[in-house]
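The values are calculated or read from the model by the stated rules, or taken from the named source; none is laboratory data. Please read all numbers here as calculations on a predicted model, not as lab measurements. Heads up, the Cβs are rebuilt from the backbone with ideal geometry, glycines too, and the neighbour counts pull from every protein chain shown.
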Amino acid sequence: MTPERWQGVRELLEGAMQLEPPQRLAYLERHCSDDPSLQRDVDSILAVEHELRASFLESPAIVHLTPDQNTAASVGRTPGMKLGPYEIQSLLGAGGMGEVYRARDTRLDRSVALKVLPALLSSDPARKQRFEREARAIAALQHPNICTLHDVGQEGGVDYLVMEFLEGETLAERLTKGPLTLEQILRFGVEITDALDAAHRRGIVHRDLKPANIFLTTHGECKVLDFGLAKLDESLGEQKTLTTLAGTEASKKTLTSPGLVIGTVAYMSPEQAGTKDLDARTDLFSFGAVLYEMATGQVPFRGESNAAILEAILTRTPVAPLLLNPDLPPELERIIDKALKTPCMA
């Protein structure tokens, strides 16, 4: 998107955001009658604003809980209740895709993380489809730096995933203390790229890589989480794998149709922000944004609103990492810079 194009989008966006949602369509149709693509650009940004205001979406579930909410009872499941052979112990988090509990596998006597799609949301086809997609995506991946899926089940109309229980903190939580050491940046960076490479080789694009979806365990391991937005890319991996995961052609089109902005704004590639169809390069751009923050303690693209952040991604160049952290090796800055140019300019 050129600066001139963005100026037109921004002017219409500012006007549309002054109106109630039911009035916006008529406003945009009136002002975009000669350029339908301009209306689509504005609609895509308004959709991001709506999604991030209306739901928890993909931000880390645990941050939404206050201390007095951190019990299973707050969402209707109390300690001791069971889903299949899994006995709930405590609520770890709750968000737009349901609830995550610490539970005990009564057969193997081990702790697990139980991700539950509430029965109320099971009737929502989009949420149900995304939940099932995450299960298929994780099941296809066996890698030490990707959270392991142990089991999938359904009981009483409630769908759930059973994943390995991790102790530690998210990269987002760690970054609140400042940038990482060079040794940590390099080690975690290699582990994240190894995980992405494994996913891409299986035809899976994460589409929402960010610090909140990267977990640092107490044992010093790095794990990539949350494939709820994962897309199956037919240009990658073996066709047999894709056929098994994606199901019918109709379902693939529903899951990957262009024109819908999903993900977390600050780490989106320009293509993702511009509602273009995506491939594995979008994850490399997001990784570049994560690596930039690991090295500097700051996100590369900032703004006072989601629209302002999207403008920065589409039209601006981030501050050079070495200016923010002079101790970085120049080669690391070159790698970050290349990753942040991957989708548009590679």
Quiz item: In the stretch 287-340, how many residues are over 16 Å from I192 (Cβ atoms) and of a type in the set (G, A, S)?
Solution: 7
Quiz item: Among the residues of the stretch 278-301, is there at least one that is of a type outside the set (S, T, Y), farther than 25 Å from L332 by Cβ, surrounded by fewer than 14 Cβ atoms within 10 Å (Cβ to Cβ) and modelled with pLDDT of 50 or more?
Solution: no
Quiz item: Can you tell which of L161, L166, L141 is touching a helix residue (DSSP H, G or I) at 6+ places or on another chain (Cβ under 8 Å), in a loop (DSSP other than H, G, I, E, B) and more than 26 Å from P329 (Cβ to Cβ)?
Solution: L141
Practice problem: Determine whether T254 is at pLDDT below 75 and surrounded by fewer than 20 Cβ atoms within 10 Å (Cβ to Cβ). | Solution: yes
Quiz item: Quick one: is L114 modelled with pLDDT under 90, buried (at least 20 other Cβ atoms within 10 Å of the Cβ) and not assigned by TED's automatic domain parsing to the domain that holds A295?
Solution: no
Quiz item: When you go through F131, F215, F227, F188 one by one, which is the residue that is touching a residue at least 12 places away in the same chain (Cβ under 8 Å) and either among the hydroxyl-bearing types (S, T, Y) or in a strand (DSSP E or B) (or both)?
Solution: F215
Practice problem: Residue by residue through the stretch 134-156, note down the ones that are among the aliphatic types (A, V, I, L, M) and modelled with pLDDT of 85 or more. | Solution: I146, L149, V152
